[in-house]
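A quick write-up on the structure given underneath.
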Amino acid sequence: MELHMRLRQEPSEGRTCCVARQELLHFITLSEIPGADFLCGCPLIFSGESGTFPGVIIRFSFSELEQATGKFSDEQLIGVGGSSKVYRGQLADGKVVAVKKLRPLGGADEDYEFLSEIELLSRLNHCHVVPLLGYCSESQGRQLERLLVFECMSNGNLRDCLDLKQGKKAMEWQTRVSVALGAARGLEYLHEAAAPRILHRDIKSTNILLDDKFRAKITDLGMAKCLMNDGVTSCSSSPARMLGTFGYFAPEYAIVGKASLKSDVFSFGVVILELITGRQPIHKSPSTRTDESLVIWATSRLQDSRLVVSELPDPTLQGKFPAEEMQIMAHLARECLQWDPESRPTMTEVVQILSTIAPLHHGTKRRNLPMTFNLTTVSALLCSALLSFQF
Ligand SMILES: Nc1ncnc2c1ncn2[C@@H]1O[C@H](COP(=O)(O)OP(=O)(O)O)[C@@H](O)[C@H]1O
Ligand SMILES: [Mg+2]
C-alpha cells in the first residue's frame with residue numbers, strides 16, 4: 001500500500017497519532033514505519049490516494065491510561081456494558097475523560113472489529129454523538145489490551161437517570177422531551193448525514209449519555225454497520241450473529257435477522273416509551289413477578305388516549321406534564337413501534353415531530369403545532385395524535 005505521509009507541526013504532548021486508511025482499515029503506528037523513531041512527538045496525518053483520512057485521534061500508551069484511571073480502580077468505574085468496563089480518567093493535562101476498557105474476546109475478528117469501530121468513530125462529528133478522543137491497543141503479557149478514550153459525559157446514561165441512581169433527581173418532562181430530541185438528532189445524523197450512512201443496531205437507554213447540561217449523545221457504535229447506497233448493510237447480518245439487546249429488537253430483526261434503519265427506529269421507539277413511563281424495557285411484572293416486555297405492556301395503553309395520560313406516565317413525573325405533549329410522545333412511540341418497518345417514520349420525521357414540542361434554548365416553546373395540514377407524513381402523524389387527544 002502506498003501512503004503519502006505529511007507532518008503537521010503542532011505543539012504536542014509527545015503522543016503518536018493513530019491514522020488509518022478508510023477503505024483498507026489499515027493501521028499504521030510509528031513503530032511500524034522503519035526508521036521513524038525520529039518522528040516521535042510529532043502528530044502525523046497520513047493520506048492515501050483517496051485523500052486524507054478525516055479523523056485524527058490520539059494513540060495513548062497503556063501506562064498513560066493506567067495512570068489516568070488510578071490503575072483502573074473500582075472507585076473510578078463509571079459504567080459496565082456488555083463488552084467493557086468504563087472508567088473515569090484524568091489525563092496529564094487535566095482533561096477528564098471516559099476510558100472504555102474492552103473485554104478480551106479472542107478470535108481472529110477481535111482486532112478487526114476494534115479497528116473498524118475506531119475507523120468509524122473517527123469520521124463522526126456531531127453534537128449529539130459522543131466524540132472519540134483516542135485509543136490504545138497494546139499487548140500486556142499475553143493479553144492484547146484494547147481501550148477507547150471518549151469525552152466524559154458527567155450525567156452518565158439515560159437509564160440510570162430514569163432509575164434515579166446515585167441520588168439523581170427525577171427528570172422533568174421538558175428534560176425528557178429535549179433528551180428525546182437530542183438522541184433523535186444524533187441517530188438522524190448517523191442514518192442520513194454520516195458518509196457512509198450508519199446503522200447503529202444497539203439503540204437503547206444505556207447507550208444514550210447525558211452531558212452536564214443533560215444534552216443527549218449517542219454512544220457505543222461497537223455493533224454499528226455502514227450502509228451501501230441502497231440502504232442495505234455492507235455485510236449481510238446473519239441470524240446466527242444476532243447482536244443487540246433484548247427488549248429493543250424490532251420484530252423483523254428478531255425473527256429473520258433483518259437489520260435496517262427502521263429496526264433502529266423501532267429501538268428508538270422503546271427509548272421513547274422508557275422516557276414516558278420510566279420503566280425498563282424488560283421489567284418484573286408487579287402482579288406475576290415474571291419478566292414483562294415494556295412494548296407488550298404499553299401497546300394496549302398506547303391505543304387509548306385516556307390510558308396514555310392515566311396509566312403510561314412515569315409516577316416520578318407526579319402528573320407534571322402537558323397532556324397534549326404526552327399524547328404526541330405516545331403517538332410517536334406507537335408509530336416507531338409499528339410491526340411493518342415501512343410504516344415506521346424515518347429519523348428525520350421523528351426529529352420534526354419532537355421539534356414541535358421540545359423547549360427552545362431560552363426555555364420557551366415552539367407553539368406551532370400544525371393545525372392546517374398538507375399531508376406529509378409528519379403532519380399526518382401529528383394530526384392523528386391531536387385527533388386522538390380529547391381536549
Ligand atoms: N463517555 C462516557 N461518559 C460517561 N459515561 C460513559 C461514557 N461511555 C460509557 N459510559 C458509561 O459506561 C456504560 C457502558 O458504556 P458502553 O460504551 O455502552 O459500553 P458497552 O459497549 O460495553 O455496552 C454506559 O452505559 C455509561 O454508563
Ligand atoms: Mg453499551
By counting other Cβ atoms within 10 Å of each Cβ, how are Ile255, Ile357, Ile328 ranked from fewest to most?
Ile255, Ile328, Ile357
Here FRET efficiency (C-beta to C-beta, Leu307 to Gln166, R₀ 25 Å, nearest 0.05) is 0.20
The residues Val270, Val295, Val56, sorted from fewest to most surrounding Cβ atoms within 10 Å, come out as Val56, Val295, Val270
Nitroxide proxy distance, nm - points 7 Å out along Cα→Cβ at Thr290 and Phe72:
4.0 nm
List Asp212, Asp220 from most exposed to least, where exposure is judged by having the fewest other Cβ atoms within 10 Å.
Asp212, Asp220
Taking 35 Å as R0, compute the FRET efficiency from the Cβ-Cβ separation of Ala323 and Ala195 and round it to 0.05.
0.25
Applying 1/(1 + (r/R0)^6) with R0 = 35 Å to the Cβ-Cβ distance of Gln280 and Asp93, what FRET efficiency is obtained, to the nearest 0.05?
0.35
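Each reported figure results from applying straightforward, stated rules to the coordinates on display, with no laboratory input. Model, not experiment: these values are computed from the prediction. Using ideal geometry, Cβ is built from the backbone for each residue, glycine included, and neighbour counts are taken over all protein chains shown.
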